[in-house]
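Structure first, commentary second.
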Amino acid sequence: MKLPGSLAGRMLALAVAQMLILAIAAIVIFYLTVPDHGGGPPGGPFHGPPPGAPGGHGPSDRPIPIGPWLTLAVGFVVLAIGALLTARWIVRPIEKLESVASALGQGDLTARSGLVRDDELGRLAKRIDEMGDQLQQMLAHERELLANVAHELRTPLSRIGVALDLAGEGDGKRARTSLGEIAVDIGELEVIVDDILTALRYDVTRGVAMPLRRERLAPALIANAFAERMQARHPERPLAVSIAHDLSDIEVDPVLFRRVIDNLLENSHKYTPDRSSPILLAVRPASQRIEFEVVDRGIGIATADMPNIYNSFFRSERSRSRETGGVGLGLTLAKRIVEAHGGAIEITSATGKGTQARVWIPVTGAPV
């Protein structure tokens, strides 16, 4: 017999089972101890000779039946055993959960209960085990973040130090070149710090309280600005721009939305080692939305990494992380910014075949 799925139901089932056992015991004892119901043989252990028989007793001096006392004793035994079993069944998993919670609180993030039950205790155990998994992932992400940030900050700082040394040697031409390199490195530092601060702000507010300073803009103007910045940063990279005609305006926060497309273009550049391979930036209508598409023919993203690309501090193709840089926040922020605008983002990729990123933003006046 399968017990009910809830803890209260199971305890009720155990109580009913105990009551049935007591009832059966009472009926059997009553049958054996009451003569009128065909109990045991005359002179048996539960009663004396019949009244009026030689050596018998009259009605007034009949011995007290021991049946009720025996029933009570059996009932106490059954209830005691049931109570012990119930306590063991409930207390042992609670002690296990307490031990796991204590271990997690003391820093042992590998502690798990391993309880498999379909009642409230089982669901609680599952939640505690899931919490342990999440804590482990958070700690791993934190360590990866610290390592990434340490590297990303150290590299431009080292270059700045070298540039300052060269500038201090008194050569005017080298000094001007060094100052230009310092400006580039400072720009990289600003991007890294800004990404981290924005990600932390989103993590605290869940993106709800993030203010959007929307402006009504033409998608063509936005796309041309993206293309100009991309070509200024990477003049050696071919960039194909395709913009449809008669596009409806969109209302976006220009600063935040700029970070979305700039990040997608920068990723395409970073992960396309062949600098002669073109990148496509296309803008077209899509129902009541405007679609921004960035396509490259780079190294692509492994299928196993696709479910994690929007996770904070996750970076695909770790073997190239030193060359490509970044702390793994670009796509995380891109997704949250796009969703804050009521839009959507989709990335499809295959190893060795490149990556296609598409962003949809509602047109002005369209329901979000």
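Extension gain for the segment I24 to S158, taken as residue separation times 0.36 nm less the Cα-Cα distance, is 39.6 nm to one decimal. Excluding same-chain neighbours fewer than eight residues apart, the lysines reachable from K96 by a Cα-Cα span under 17 Å are K126.
Considering only protein heavy atoms, what per residue accessible area in square angstrom results for region 69-122 with a 1.4 angstrom probe? Please report the intermediate quantities before stating the final value.
Working: 3430 Å² over 54 residues.
Accessible area per residue: 64 Å².
Listed values for region 232-240 are Karplus-derived 3J(HN,Hα) couplings in whole Hz (6.51 cos²θ - 1.76 cosθ + 1.60, θ = phi - 60°), namely 5, 6, 10, x, 7, 8, x, 10, 9, and x replaces Gly and Pro.
Taking θ as phi - 60° and the Karplus parameters 6.51, -1.76 and 1.60, the scalar couplings of region 24-31 work out to 5, 4, 5, 5, 5, 5, 4, 4 Hz in sequence order, x denoting glycine and proline. Put a dot 7 Å past the Cα of L197, heading toward its Cβ, do the same for A286, and the two dots end up 3.2 nm apart.
Distance between the modelled labels on A350 and D118, one decimal in nanometres: 4.2 nm (7 Å Cα→Cβ projection). Using the Cβ of I347 as centre and a radius below 12 Å, the other residues enclosed give a net charge of -2, where K and R count +1 and D and E count -1. For region 271-310, the set of trypsin sites (Lys or Arg not before Pro) satisfying both a DSSP loop assignment and a count of at most 10 other C-beta atoms within 10 Å is given as R275. The stretch between S99 and R229, if pulled fully straight at 0.36 nm per residue, gains 41.1 nm over its current Cα-Cα span. Cα centroids of region 225-270 and region 278-306: 12 Å apart.
The values are calculated or read from the model by the stated rules, or taken from the named source; none is laboratory data. If you're wondering where the values come from, they're calculated on a predicted model, not measured in any experiment. In this analysis, Cβ positions are derived from the backbone assuming ideal geometry, glycine residues included, and neighbour counts consider all displayed protein chains. The area values use the complete protein model at the heavy-atom level, side chains included, leaving out ligands, DNA and RNA. Shrake-Rupley method; radii C 1.70, N 1.55, O 1.52, S 1.80 Å.
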